[in-house]
1. If you average the alpha carbon positions of segment 125-160 and of segment 182-240, how far apart do those two centres end up, in angstrom?
2. Using each residue's phi in segment 203-211, evaluate 6.51 cos²θ - 1.76 cosθ + 1.60 at θ = phi - 60° and report the 3J(HN,Hα) Karplus result to the nearest Hz, with x for Gly and Pro.
3. Run the quick spin-label model on Ser64 and Ala213: label points 7 Å from Cα toward the beta carbon, then report their separation in nm to one decimal.
4. In nm, give the distance between the simple-model label positions of Gln94 and Glu71, each being 7 Å from the Cα along the Cα-to-Cβ direction.
5. PRE reach from Asp231 (point 7 Å along Cα→Cβ): which of segment 73-90 fall under 17 Å by backbone N?
6. Between Ala112 and Gln223, what length in nm is gained on full extension when 0.36 nm per residue of separation is reduced by their alpha carbon distance?
7. Across segment 44-203, how many lysine pairs, 8 or more positions apart or on different chains, have C-alpha atoms separated by under 26 Å? Please give the number.
8. Hey, what do the phi angles of segment 220-229 turn into as Karplus ³J(HN,Hα) couplings, whole Hz, using 6.51/-1.76/1.60 and θ = phi - 60°, x for Gly and Pro?
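Throughout, read-outs are computed from the coordinates displayed, never taken from laboratory work. For clarity, every value in this text was computed on a predicted model and none was experimentally measured. Cβ placement follows ideal geometry from the backbone for every residue including glycine, while neighbour counts extend to all protein chains displayed.
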Amino acid sequence: MKTLLWLVLFLIGLAGVALPAVYIHAASKLPQLETEFDLEKQLRHSIEGERMSLVAGTFDRSRSTAYKKPEFLHLPKDLVALYIAQLGCPTYFQTPREDGPKWAWRLFSMVAFGTEPPGDGRCERLLAVRLAVALGIQGALQQTVAANRLHSFLQKDQLIAYDLSALYFDRGVVGVEDAAFKIFGRELNTLQLPQLAELALTLPPHFMYADTAVCRNASLIRQNRDVLLSDLAGYKLVTEERARTAMSQPTVCR
């Protein structure tokens with residue numbers, strides 16, 4: 001019994017030394033991510049380069065290739081509601097930001113066991129990891145360390161705003177505003193609930209941009225759009241009347 005106790009204490013001590021060392025080693029391989037300015041600078045460099053690759057050698061200057069700092073307040077509320085509902089966190093803004101031991105345990109559980117505890121912290125981690133991927137960071141451990149750094153200076157609304165601004169859809173089409181213009185020929189802030197639900201199909205976890213952009217299988221697009229609207233009403237994020245009215249509208253693909 002005494003031997004077992006010493007073994008347990010030894011393993012705890014070993015973990016206390018090994019885990020920080022592993023974390024520091026992984027962190028040393030990351031780009032600088034200490035502040036929001038670091039994140040914005042790196043996204044601007046990569047996204048503007050990607051957009052320029054589409055217009056290089058052409059005279060198409062219909063839209064700016066500049067990356068603007070994303071502002072959550074400028075996002076349509078219905079799109080945000082659709083997004084968090086489909087990510088499986090409809091109460092995302094009704095629960096406090098996850099921090100401290102709970103957040104640390106979530107990250108450790110994912111790295112060590114491939115699972116994580118329930119709660120809206122799951123979506124916080126998912127959004128932060130997705131941002132790490134958008135920055136070109138590879139490897140589960142490095143992405144987890146990067147997610148932890150990003151989470152340290154981004155609030156819940158900022159995680160969503162930056163994530164939606166950095167989603168890659170197609171060559172030169174980066175961010176939800178680009179996708180909206182490509183599909184509807186209009187700016188994001190002019191879209192109404194029916195169009196926003198259709199746009200939500202192009203976002204994670206559905207990834208139907210290719211089908212929606214070329215109107216492939218219009219009947220399936222409409223069916224899936226209506227499912228998203230029904231889910232939205234079921235989560236009480238819109239009224240049932242608004243959802244039914246939106247379902248009665250045609251899709252851009254007919």
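1. Here the two parts' Cα centres lie 26 Å apart.
2. Coupling constants for segment 203-211: 8, x, x, 8, 6, 9, 4, 4, 5 Hz.
3. 2.3 nm
4. Inter-label distance under the simple model: 2.9 nm.
5. The answer is 78-90.
6. Gain on stretching Ala112 to Gln223: 36.0 nm.
7. 9
8. Per residue, the Karplus-derived 3J(HN,Hα) values read 5, 4, 5, 4, 5, 4, 5, 5, 4, 5 Hz.
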